[in-house]
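Taking it in order: structure first as structure tokens, then the write-up.
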Amino acid sequence: MSEVKVAPSLLSADFGRLGEETRRMEQAGADWIHLDVMDGHFVPNLTIGPQVVRALRPITKLPLDVHLMIADPDAYGPQFVQAGADRVTFHAEAAEDLSRTIAGLKKQGVKVGAALRPQTDWQVLKPVLDRLDLVLVMTVNPGFGGQAFMSQMLPKVRALRQVYKGLIQVDGGINGQTAALCRQAGADVMVAGTYLFKAADPKEAIASLRAGNVSVKSCSKKGGEGACG
Ligand code: DX5
Ligand code: ZN
């Protein structure tokens, strides 16, 4: 496992001030900036296109980590690379041919990740794991910020960690407590929207995601691990 990285998700930022919000997270110690791209088809929500990535590129030195929740990653993925993305993660469920999508993006010189919806078994990625820089285990159903962490995803992270040497990213319902659970299971990259953008002190919030050793005893027992935070 490599050291913990924190990637604030701009989905929870003030969209009228995306540049300032990006700088705010960079100053607070973020490692990457996570951008959620939704097409109203793969998920029932619409967000940003490549123009926003292009506009943010000169604002920050941090890697731009683009999470494509779109039905056609082969058609649109390259546009995000041209706009300045450093990392592109597509959904395994959306790719007709995993190898083709990975090869297409790699050819453009970016780090490539594959994401898994909660219902999708990690084993679908088995044949291509050695070509992936990152696997994103969704810990909520993709589409919206502010949902509760699904603790049922922890065994998926653990199983993947046994066989996969690259980065494991978790996304959805991540806070100080759920990040600690994910870290214990083997995750390297914590994506968090609500927890970081609504924090009174983002620096402290980012540090708490990095710590990875927060006691889970303070979690509410009601509802189990998913009720934490
Ligand atoms: C959900 C997105 C997430 C989302 C996380 O589909 O992929 O990146 O912004 O938001 P929180 O941290 O609020 O669950
Ligand atoms: Zn995301």
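Observations
- Hits in region 25-37 - residues which are surrounded by fewer than 18 Cβ atoms within 10 Å (Cβ to Cβ) and part of a helix (DSSP H, G or I): E26, Q27
- Complete set of residues in region 1-20 that are more than 10 Å from ligand 1 (Cβ to nearest atom) and buried (at least 20 other Cβ atoms within 10 Å of the Cβ): V6
- Selection within region 36-46 - more than 9 Å from ligand 1 (Cβ to nearest atom) and more than 17 Å from R87 (Cβ to Cβ): D39, G40, H41, F42, P44, L46
- Among the residues of region 63-79, those identified as hydrophobic (A, V, I, L, M, F, W, C) and either surrounded by fewer than 18 Cβ atoms within 10 Å (Cβ to Cβ) or closer than 25 Å to Q119 by Cβ (or both) are V66, L68, M69, I70, A71, A75.
- Just so you know, in region 176-194 the residues that are open to solvent by 10 Å² or more (accessible area, probe 1.4 Å) and in contact with a strand residue (DSSP E or B) (Cβ under 9 Å, 6 or more places away or on another chain) include one that is nearest to S2 (Cα to Cα), and it is R183.
- Residue, surrounded by the fewest Cβ atoms within 10 Å (Cβ to Cβ), within region 130-158, restricted to residues that are of a type in the set (S, T, N, Q) and over 13 Å from T120 (Cα atoms): Q147
- Those residues of region 159-175 which are in contact (Cβ under 8 Å) with a residue 40 or more places away in the chain, out of contact with any Cys (no Cβ under 8 Å at 6 or more places or on another chain) and open to solvent by 10 Å² or more (accessible area, probe 1.4 Å), in sequence order: R161, L167, D171, G173
The values are calculated or read from the model by the stated rules, or taken from the named source; none is laboratory data. What you are looking at is a predicted structure, and each value in this text was computed from that prediction instead of being measured. Every residue, glycine as well, gets a Cβ built from its backbone with ideal geometry; the counts of neighbours run over all protein chains shown. What goes into the accessible areas is simple: the full protein's heavy atoms, side chains included, and nothing from ligands, DNA or RNA. Shrake-Rupley method; radii C 1.70, N 1.55, O 1.52, S 1.80 Å.
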